[in-house]
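A.B. asks: Take this structure first; my questions come after.
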């Protein structure tokens, strides 16, 4: 991991913001900051690593140094992959802010067993909370519901439904469509839904280095299928910017969504952009 390409302007912008409702900043990859109008700040899957070149090559800037984040109430992790649970990206935030880390069991195993966050950083065991599907917890002004995610590449993925007086946000991690999303769409009124999107590309095999046709994220049709089932008012596609060979054009989703009732709108953002509920 290298230092921020942007200095500290993004953490300062988040800290200074006083949203009327809820503000959401895109950190690139599948990372987000969510800040409510009473100041509660959540981070979801923040990642500032460079991947593992030449297999995974980061295509976007590193927008902040973790040490520059001085205010955070919680980090939510969706699953155990490196670009979602990563000690150098997340443990310094826990160390600096005292935030709580919410994650499913296999994600916590990365923090405790694989990367040993409590030994490398000044992070305590009581900052970790295990979550699973069906759980609900409160973080300041937010109520967070843990729901399923359909990601065959992960061992225990979850999605999060984040409720606030001003509206509701869904973050699906790297989920693909699921029959269960119809029930989730009926259960919640989701104002802004975040789903991973990307192309099918050729990625080097870890052992041999040979190029292998690889699919990690939803395609155009799959992401709209999932957003339709979940009944999103707005769909915000993520992850399409991150890895060499897996990038995609989110503006193409306008045509794919045109004949569906949901999502009613698309929010196409770039790294560093802010949207509000």
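A.B. asks: Please find, within the stretch 191-209, the residue that is surrounded by the fewest Cβ atoms within 10 Å (Cβ to Cβ) out of those that are touching a residue at least 60 places away in the same chain (Cβ under 8 Å) and touching a helix residue (DSSP H, G or I) at 6+ places or on another chain (Cβ under 9 Å).
C.D. replies: Within the stretch 191-209, the match that is surrounded by the fewest Cβ atoms within 10 Å (Cβ to Cβ) is 196.
A.B. asks: Still on this structure, please answer the following. Give the stretch 208-224 a look and list any residue that's within 16 Å of residue 149 (Cα to Cα), touching a strand residue (DSSP E or B) at 6+ places or on another chain (Cβ under 6 Å) and either at pLDDT below 95 or not in a loop (DSSP other than H, G, I, E, B) (or both), or say none.
C.D. replies: Result: 218, 222, 223.
A.B. asks: Check off (1) touching a strand residue (DSSP E or B) at 6+ places or on another chain (Cβ under 9 Å); (2) under 30 Å from residue 205 (Cα atoms); (3) part of a loop (DSSP other than H, G, I, E, B) for residue 19 and give me the number that stays unchecked.
C.D. replies: (2) is the only condition that residue 19 fails.
A.B. asks: Here is a further query. Considering only the stretch 85-114, how many residues are in contact with a strand residue (DSSP E or B) (Cβ under 9 Å, 6 or more places away or on another chain), buried (at least 21 other Cβ atoms within 10 Å of the Cβ) and not in a helix (DSSP H, G or I)?
C.D. replies: Selection size over the stretch 85-114: 6.
A.B. asks: Out of all the residues in the stretch 165-190, which are under 24 Å from residue 270 (Cα atoms) and either surrounded by 18 or more Cβ atoms within 10 Å (Cβ to Cβ) or more than 19 Å from the chain's Cα centre (by Cα) (or both)? So that I can check it myself, show each step before the final result.
C.D. replies: Going residue by residue through the stretch 165-190, those that are under 24 Å from residue 270 (Cα atoms) are 166-177, 190.
Of everything in the stretch 165-190, those that are under 24 Å from residue 270 (Cα atoms) and either surrounded by 18 or more Cβ atoms within 10 Å (Cβ to Cβ) or more than 19 Å from the chain's Cα centre (by Cα) (or both) turn out to be 166, 168, 169, 170, 171, 172, 173, 174, 175, 176, 177, 190.
A.B. asks: Go through (1) under 19 Å from residue 22 (Cβ atoms); (2) surrounded by fewer than 21 Cβ atoms within 10 Å (Cβ to Cβ) one by one and return the number of the condition residue 162 breaks.
C.D. replies: The one condition residue 162 does not meet is (2).
A.B. asks: Right, here's the next one. Being part of a strand (DSSP E or B) and either free of Cβ contacts under 8 Å to residues at least 60 places away in the same chain or surrounded by fewer than 24 Cβ atoms within 10 Å (Cβ to Cβ) (or both) is the filter here; which residues of the stretch 42-58 pass it? Show your work before the answer.
C.D. replies: Taking the stretch 42-58 and keeping what is part of a strand (DSSP E or B), we get 42-44, 51-52, 56-58.
Residues satisfying the conditions are 43, 51, 52, 56, 57, 58.
A.B. asks: Kindly indicate the residue of the stretch 70-80 that is buried (at least 23 other Cβ atoms within 10 Å of the Cβ) and in contact (Cβ under 8 Å) with a residue 40 or more places away in the chain and also farthest from the chain's Cα centre (by Cα) among those meeting that condition.
C.D. replies: 74
A.B. asks: If I filter the stretch 119-140 down to residues being touching a residue at least 24 places away in the same chain (Cβ under 8 Å) and surrounded by fewer than 17 Cβ atoms within 10 Å (Cβ to Cβ), which single residue comes out as nearest to residue 37 (Cα to Cα)?
C.D. replies: Narrowing the stretch 119-140 to residues touching a residue at least 24 places away in the same chain (Cβ under 8 Å): 120-123, 127-133, 137, 139-140.
Restricting the remaining residues to those that are surrounded by fewer than 17 Cβ atoms within 10 Å (Cβ to Cβ) gives 120, 122, 129-130, 132-133, 137, 140.
Details: 120: 34, 122: 30, 129: 25, 130: 27, 132: 28, 133: 27, 137: 19, 140: 11 Å.
Among those residues, the one meeting the criterion is 140.
A.B. asks: Taking the stretch 1-57 only, how many residues are within 30 Å of residue 212 (Cα to Cα) and over 11 Å from the mean Cα position of the chain (by Cα)?
C.D. replies: 12
A.B. asks: Which of the following residues is outside any strand (DSSP E or B), in contact with a strand residue (DSSP E or B) (Cβ under 9 Å, 6 or more places away or on another chain), at pLDDT 95 or above and closer than 29 Å to residue 231 by Cβ: 80, 138, 163?
C.D. replies: Working: 138 fails: outside any strand (DSSP E or B); 163 fails: outside any strand (DSSP E or B).
Sole residue among the options that is outside any strand (DSSP E or B), in contact with a strand residue (DSSP E or B) (Cβ under 9 Å, 6 or more places away or on another chain), at pLDDT 95 or above and closer than 29 Å to residue 231 by Cβ: 80.
The values are calculated or read from the model by the stated rules, or taken from the named source; none is laboratory data. These numbers come from a predicted model, not from an experiment. Every residue, glycine among them, receives a Cβ derived from its backbone with ideal geometry; neighbour counts consider all protein chains shown.
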